[in-house]
Structure formats: structure tokens, C-alpha cells
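Everything on this sheet refers to the single structure shown next.
The values are calculated or read from the model by the stated rules, or taken from the named source; none is laboratory data. These numbers were taken from a predicted model, which means no experiment stands behind them. Remember, those area values only see protein heavy atoms, side chains included, never the ligands or the DNA or RNA. Shrake-Rupley method; radii C 1.70, N 1.55, O 1.52, S 1.80 Å.
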Amino acid sequence: LTGGNDQNMLVGLGVTFMNISEDTGVGFNANALFNAFSSSDRGKLGIAGDFGVNSFDGGTLVTIMGGPRYTFQTSGHAVPYAQFLVGIATCCGDTDFVPSIGFGLDYAFRPNVNLRGELTFIFDDANATRFFLGISLPIAK
């Protein structure tokens, strides 16, 4: 798996499906990973930034979050990760502070293209579950 190391950052782009109180919105998400903190035989700790937009019948929800991501070291094509992000969510004239936890998997599809699936739980007045499906690309510093 390439990207997300000390030579590159890993940029993810994809489509999202978000469920809030029995309403499902469709949207897109972009995120970036910088492995800036530490690395060991078990994995790498980095910082992730996340931007998402999901449209619902009642409005559009925009999220902007950031925080630590731990990427587990594996020897195969599949690389799992876990993250804890905090930021803001804004919809319908209301803006809230939101924490989230997420889990994902990058699968090395091509040398410079990884397939990505991610499940994120966003904690707000109405808790949300977001599923991301897309790609991640290594970008040279």
C-alpha cells in the first residue's frame, strides 16, 4: 500500500451515505492524512483532516473535522485504520461542535490508487452514521 508515509500524504475522495434519525443523505467527502507523529512496527500515528457535504430532504449538512488517525501496519494489500476527529457540523442555520470515531480500510488496487471504505459515527444532537466509499491517492510532499 502506498501513501500516508513520511514522503507522501494520502488524499481520499469519495461518495458518502449518511443516516440521521431514519433519514439518509447522499454526498461527497474529501480527507487528507499526514503521518506526522510517530511510527512503529505496529503502525503509524498521524493527523487527518476531513470535509464532507451530505444533502437531505430538510437541508444540507456540512462537516469539517480533524484529529488523530492510527494506521495499522500490515504486510498485505489491506491496511486498516481508526480515527478520532472533532470539528463542526452545520445545517439549516445551526452550527454544532461534533466529535466522531471512525474505522476504515484502504486496499491497494493499483500502485498509486487505493480503494477505501470507512464507517464513521458522528455524535451530535441527532447522532449520525456515515459510510464512505471511494479512493485514496498518495500525493508527494
Counting only heavy atoms of protein chains, what accessible area per residue, in Å², does the chain have with a probe of 1.4 Å? 52 Å²
May I ask you to give the percent of accessible area on region 51-126 that is carbon plus sulfur, with a probe radius of 1.4 Å? 67 percent
Go through (i) 0.98; (ii) 1.04; (iii) 0.94 and flag the label whose value is the computed Rg/Rh (Cα atoms, Kirkwood Rh) for this structure. (i)
Quick check on region 31-114: what are the equivalent-ellipsoid semi-axes from the Cα gyration tensor, as sqrt(5λ), descending, whole Å? 29, 15, 9
Working note, region 11-56: Cα radius of gyration (Å, one decimal) and Dmax (Å, whole number) are 14.6, 43
So how compact is region 65-105: Cα radius of gyration and Dmax in angstrom? 14.0, 47
